[in-house]
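Notes to accompany the following structure.
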Amino acid sequence: MNTANPSCATSSGSAPGGGGSSSGSGGSSGGGGPCGACKFLRRKCVAGCIFAPYFDSEQGAAHFAAVHKVFGASNRLDAVVTICYEAQARLRDPVYGCVAHIFALQQQVHIILTYLLILNTLIPQLTS
């Protein structure tokens with residue numbers, strides 16, 4: 001199961017977010033404009049920008065805004081996809097975030113285990 005939020009990624013690049021590496025002016029790939037994070041922060045996007053692979057020029061500003069609104073700016077690249085997923089979940093549910101989804105899944109597991117218990121008690125009766 002892919003846990004990354006599809007709204008935080010595009011299919012155009014190899015890195016989550018689809019920004020890709022830089023060539024020419026600006027840190028993002030597609031047209032040389034600033035990456036979404038630099039656009040949001042209103043700063044010059046340089047070649048090798050650490051945010052460019054994760055926040056593309058087109059949709060990256062909105063995704064970075066969600067992350068920034070909930071968590072502030074962060075340079076931990078290994079956490080960008082996770083933070084983006086949690087930020088989107090927090091915008092949907094400001095109190096519980098992704099924990100609400102985890103709780104719903106736990107309830108489903110409990111219901112399925114209850115059905116399994118019932119079926120396991122009925123199988124011997126049906127086979128005899």
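Overview of values
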| quantity | calculated |
| --- | --- |
| Given (1) modelled with pLDDT of 90 or more; (2) buried (at least 17 other Cβ atoms within 10 Å of the Cβ); (3) on the phi < 0 side of the Ramachandran plot, number of the condition residue 67 does not satisfy | (1) |
| Number of the condition not met by residue 46 [criteria: (1) out of contact with any His (no Cβ under 9 Å at 6 or more places or on another chain); (2) part of a loop (DSSP other than H, G, I, E, B); (3) closer than 27 Å to residue 95 by Cβ] | (3) |
| Per-region count, segment 99-128, residues within 30 Å of residue 37 (Cα to Cα) and either touching a Gly at 6+ places or on another chain (Cβ under 9 Å) or aliphatic (A, V, I, L, M) (or both) | 3 |
| Top-ranked residue of segment 27-39 - restricted to ones that are assigned to a helix (DSSP H, G or I) and at pLDDT 90 or above, ranked as nearest to residue 63 (Cα to Cα) | 36 |
| Some residue of segment 70-93 being at pLDDT 80 or above, more than 13 Å from the chain's Cα centre (by Cα), part of a loop (DSSP other than H, G, I, E, B) and not aromatic (Phe, Trp, Tyr) | yes |
| Filter result for residue 96 (at pLDDT 85 or above, more than 15 Å from the chain's Cα centre (by Cα), surrounded by 13 or more Cβ atoms within 10 Å (Cβ to Cβ) and over 22 Å from residue 34 (Cβ atoms)) | yes |
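The values are calculated or read from the model by the stated rules, or taken from the named source; none is laboratory data. Values in this document were obtained by computation on a predicted structure and should not be read as measured data. Here Cβ is always computed from backbone atoms with ideal geometry, including for glycine, and neighbour counts include all displayed protein chains.
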